[in-house]
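Here's the structure, in C-alpha cells; my notes come after.
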Amino acid sequence: MESSLTLLGAFWALLSFLSAAASCTSFFMPYWLYGFQMGKPVSFSTFRRCTYPAHTEEKNVVMVEECGRYASFSAIPSLSWQICTLVTGIGCALLLLASLAAVLGCCIGDLISRMTGRFQGAIQFIGGLLISSGCALYPLGWNSPEIQQACGNASSQFQLGTCKIGWAYYCTGGGAAVAMLICTWLSCFAGKKSKPSPY
C-alpha cells in the first residue's frame, strides 16, 4: 500500500523509532551511575541497581552481584529519583506511541497528514521534554545514603564524589534531545499534502 509519508517523513519515522528505542532501552538499563561498594563495582538507574548489600544467616554483610529493580516504588532511594522514574517513564511511553504511528505511516496510506504529523511532533516534543526533565532531576538524588555509600561518602546533589556517570544516562538524554529537537522539526514536513476533493 502507498505510504502516507514524504521522503523527509520516512526519515522522520526512522529517526523517531531510533530515538525512542535509545531512550526507552537506556531508561530500563541500570547503568546511569557507576561506583564501588565494599570493593565491588555497583551501578544504578532511577529504579534499578546492580550489585547490592545483603545480610547472610550469620548476620554478615555481603555484596550480591546481580541486577534487579527496587522491591517497591517507595524503596527507590530518594524522592527525586521516584519523580524521575515517573516523568521519564511517561516521556518514554509518549515517544514510543509517536514512533509507532510514524512507522505505521510508512505502510498505511492517508494515515499521516500534515496536521497529524505536526500533532505527533508535539507529542514527541512533550515526551522529550519529560525525559530531559527526568535526567535533570536525577542528580538531586545523589545525596541519599545509598548513593553516598557507593560514591565514597563524598557525593551530594550535583556532586558525584568517586562515582561516574554511565553510558545509559547519556543515551537516554541523547535520544530525548533528538526526539525533542530534530524529530519535532521533521514532523512538520512528514505528511503529504492532502489531495483536493473532487466534490
Query raised in the report: aspartates and glutamates within cross-link reach of Lys164: Cα-Cα under 18 Å, excluding same-chain residues under 8 positions apart?
Result: Glu146
Query raised in the report: Relative contact order, percent, of the stretch 47-130 when contacts are C-alpha pairs under 8 Å separated by at least 6 residues?
Result: 25 percent
Report summary line: With a Förster distance of 25 angstrom and the Cβ-Cβ distance between Phe36 and Arg69, calculated FRET efficiency to the nearest 0.05 equals 0.75
Report task. Jot down the radius of gyration and Dmax of the chain, Cα atoms only, both in angstrom. Result -> 20.9, 84
Query raised in the report: For the stretch 65-182, what relative contact order do you get, as a whole percent, if you take Cα pairs closer than 8 Å and at least 6 residues apart?
Result: 29 percent
Query raised in the report: Taking the Cα-to-Cβ direction at Leu104 and at Trp185 and moving 7 Å from each Cα, how far apart do the two end points lie in nm?
Result: 2.8 nm
**Report entry** Selection of trypsin sites (Lys or Arg not before Pro), the stretch 92-199, meeting DSSP coil and at most 16 other Cβ within 10 Å
**Finding:** Lys193
Requested in this report: For n ≥ 4 DSSP H runs only, could you compute -39500 (n - 2.57) per run for the chain, divide by its residues and tell me the 222 nm figure to the nearest 500?
Outcome: -15500 deg cm²/dmol
Report task. Might you tell me the accessible area per residue for the chain, computed with a 1.4 Å probe and given in Å²? Result -> 53 Å²
Query raised in the report: Using a simple charge model, +1 on the beta-carbon of Lys and Arg, -1 on the beta-carbon of Asp and Glu, nothing else, what dipole does the chain show about its Cα centre, in debye to the nearest 20?
Result: 580 debye
Query raised in the report: Taking only C-alpha pairs under 8 Å that are 6+ residues apart, what is the relative contact order of the chain in percent?
Result: 34 percent
Query raised in the report: Taking a probe of 1.4 angstrom, what is the accessible area of Met180 in Å², to the nearest 10?
Result: 30 Å²
Query - Accessible surface of the stretch 118-199 [probe 1.4 Å, protein heavy atoms]: carbon and sulfur percent - result: 67 percent
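The values are calculated or read from the model by the stated rules, or taken from the named source; none is laboratory data. Model, not experiment: these values are computed from the prediction. Backbone-built Cβ (ideal geometry, glycine too); neighbour counts: all protein chains shown. The accessibility values were calculated without ligands, DNA or RNA, using every heavy atom of the protein model including side chains. Shrake-Rupley method; radii C 1.70, N 1.55, O 1.52, S 1.80 Å.
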